[in-house]
Amino acid sequence: MYSEKVMDHFTNPRNVGKIENADGVGEVGNAKCGDIMKVYLKIDNDVITDVKFQTFGCGAAIATSSMATELIMGKPVSEALKLTNKAVVEALDGLPPVKLHCSVLAEEAVKTAVADYYNKIGREIDFDLGCGGCCDHCDHH
Amino acid sequence: MERKYVYADNAATTRVLPQVLEVMTPYYLEEYGNASSGFYSFGQRARAALEDARARCAKMLGCDAEELFFTSGGTESDNWAILGAARARKGKKHIVSSSIEHPAVRNTLLKLQKEEGYEITWLDVYENGIVRVEDLEKALREDTALVCVMFANNEIGTIQPIRELVEVAHAKKVPFFCDAVQAVGHVDIDLHELGVDLLSLSGHKLHTPKGIGALYIKKGMWITNLIEGGGQEKRKRSGTENVAGAVGLAVALEFMCGEEGKRERARILALREKLIDGLLEIDHVRLNGDRERRLPGNVNVSCRFIEGEGLIMWLDIMGVAASTGSACSTASLDPSHVLLAIGLPHEIAHGSLRLSLDVDNTEEDVEFILDAVKKTLEKLRAMSPLSI
């Protein structure tokens, strides 16, 4: 049911863990719905120098978190904000339709972490955070 | 060295017993006549085999051969029993069931509710996953057409007090249907002693191939047909008879309900206890469902801070086939209705793990499973943002 890429990122997830004193932290989803993603960013001069994640969720949730962190590693925050769930899904060679919401969560976890960074440095948040992990919002089917 | 792989999902389906396949094969290759083609010997021999199989199944189940009707499996038997019994009792539009029925029962009842105006009362199963007899007593009404409570639950394995429930239903003259798909062949069942009016069973849960099952209809119990056609099975269930399947079911029942099968149950129960003990030693793991009143091979635990699908996928990589009641294994947001019915919060229900043991499992398998679960939980919990 999952592509080889998804299985690779599920079994060998990249960038798992926490960053102490992170410059931005974003957590989306909730345990009730069965998915929580937490993304930690280390940012230097508006460039993401390190990124880590922790995920409670299914295989697709773990794989999308892992892929999302790979896609934004080393990128300027402005680039990271352009990460779409579609890009994550494409990079994983696709996801089953019922799992698309996991990629939405990955996109939103990154945005929420950047928003936290903006807050910390006193910059105005000029982008949409999406649903912020409210499960009913996204199309689960 | 070949990698070890332990199949611990016998509640989903079982391996066909070699002796079952052996008796079935001639009915595919040589004696493949149509049991309803009675004018030549080729058909008559198929008919004789079918009726012999029926008598042997009935003997193992403690009922008369005329009370047993072969079907395609558990789902058909469940649909037939419920729709047939309800529609045969015109004017009575109330059904009592439990809140943990299999989808084959639950969704059939919901169909009656939605399309034919029935009202369904779902009995609570409390924390231990068992219906209380006094609750059934209170739920019964003048217009109750049927009571349907499963013998043993497919997820948490809990065994219901069917005999006591039947007595209560019969005191109010309400017929009783029992879905015994998970129970037949795994616990003692004597149909006449049990007293149920209808009971469903499925072959592939007790080592036949998929595609054969049966519905027990007590003498004198009237239900309408579900499938119309050529009038097979005494005009009650049309469709060319599955002679090979029926013969296989007879042999499987004779094994599982016979002396050897009973010894196996005791052995499997000991394995189950060992597996439960081992799992409960792991931090933040709890057993779901009553420990005593449960199927000999059923283990169901919830593991905190992790989600079931990831657990099942990792266990597969580690060499264990298991199952979960997590929402992520389905298209819905909610975890299994069974786990919610026993009062588990969503986040705990998402981390459920079902391991179901059967005749092929060994002591080494239990050790192997415990090791795999421990390693998998370590991996997934290290990745999880949740903890105490």
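The values are calculated or read from the model by the stated rules, or taken from the named source; none is laboratory data. No experiment lies behind these values; they were computed from the predicted model shown. FYI the Cβ positions are ideal-geometry reconstructions off the backbone, even for glycines, and counts take in every protein chain you see.
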Practice item. Go over the candidates B:D283, B:D277, B:D360 one by one and state the one that is assigned to a helix (DSSP H, G or I) and over 21 Å from A:G29 (Cα atoms). Key: B:D277
**Study point:** Test: B:L271 is buried (at least 19 other Cβ atoms within 10 Å of the Cβ) and either within 14 Å of another protein chain (Cβ to nearest Cβ) or among the acidic types (D, E) (or both)
**Key:** no
Practice item. Could you tell me which of the residues B:L136, B:L68 is crowded, with 20+ Cβ neighbours inside 10 Å and either at pLDDT below 95 or more than 30 Å from B:L249 (Cβ to Cβ) (or both)? Key: B:L136
Review point. Which residue out of B:V285, B:V299, B:V320, B:V338 is of a type in the set (A, V, I, L, M, F, W, C), surrounded by fewer than 23 Cβ atoms within 10 Å (Cβ to Cβ) and touching a residue at least 12 places away in the same chain (Cβ under 8 Å)?
Key: B:V285
**Study point:** Of all residues making up the range B:176-203, the number that are surrounded by fewer than 23 Cβ atoms within 10 Å (Cβ to Cβ) and either in contact with a Gly (Cβ under 8 Å, 6 or more places away or on another chain) or over 24 Å from B:L355 (Cα atoms) (or both)
**Key:** 6
Review point. Would you call B:D290 without any contact (Cβ under 8 Å) to a residue 24 or more places away in the chain and more than 8 Å from chain A (Cβ to nearest Cβ)?
Key: no
Practice item. Tell me, please, whether a residue that is β-branched (V, I, T), under 30 Å from B:R45 (Cβ atoms) and touching a residue at least 12 places away in the same chain (Cβ under 8 Å) can be found in the range B:256-275. Key: no
Review point. Could you say which residue among A:A63, A:A31 is buried (at least 16 other Cβ atoms within 10 Å of the Cβ) and either more than 29 Å from B:G308 (Cα to Cα) or out of contact with any strand residue (DSSP E or B) (no Cβ under 8 Å at 6 or more places or on another chain) (or both)?
Key: A:A63
Point to revise | Filter result for A:A106 (touching a helix residue (DSSP H, G or I) at 6+ places or on another chain (Cβ under 8 Å) and within 27 Å of B:C303 (Cα to Cα)) | key: yes
Exercise for review: Only residues that are within 13 Å of the chain's Cα centre (by Cα) and among the hydrophobic types (A, V, I, L, M, F, W, C): list them for the range B:166-214, please.
Suggested key: B:C178, B:A180, B:V181, B:A183, B:V184, B:V187, B:L199, B:L201, B:L206, B:A214
Point to revise | Members of the range B:34-76 that are touching a residue at least 60 places away in the same chain (Cβ under 8 Å), assigned to a loop (DSSP other than H, G, I, E, B) and on the phi < 0 side of the Ramachandran plot | key: B:N34, B:A35, B:S36, B:C63, B:D64, B:S72
Point to revise | Flag for B:E155 being out of contact with any Asp or Glu (no Cβ under 6 Å at 6 or more places or on another chain), in the same structural domain as B:S77 (by TED's automatic domain parsing), farther than 16 Å from B:I95 by Cα and surrounded by fewer than 24 Cβ atoms within 10 Å (Cβ to Cβ) | key: no
Study note, to complete from the structure: Of those in the range A:14-71 that are in contact (Cβ under 8 Å) with a residue 24 or more places away in the chain, in a helix (DSSP H, G or I) and more than 13 Å from every other protein chain (Cβ to nearest Cβ), the residue nearest to B:L377 (Cα to Cα) is A:M67
Practice item. State all residues of the range B:294-325 that are within 11 Å of chain A (Cβ to nearest Cβ) and part of a helix (DSSP H, G or I); if no residue qualifies, say none. Key: B:G308, B:E309, B:G310, B:L311, B:I312, B:M313, B:W314, B:D316, B:I317, B:M318
Check your understanding: Looking at A:F10, is it surrounded by 21 or more Cβ atoms within 10 Å (Cβ to Cβ), closer than 26 Å to B:M313 by Cβ and either without any contact (Cβ under 8 Å) to a residue 40 or more places away in the chain or touching a Cys at 6+ places or on another chain (Cβ under 6 Å) (or both)?
Key -> no
Check your understanding: If you go through the range B:205-215, how many residues are more than 16 Å from B:C63 (Cα to Cα) and buried (at least 23 other Cβ atoms within 10 Å of the Cβ)?
Key -> 5
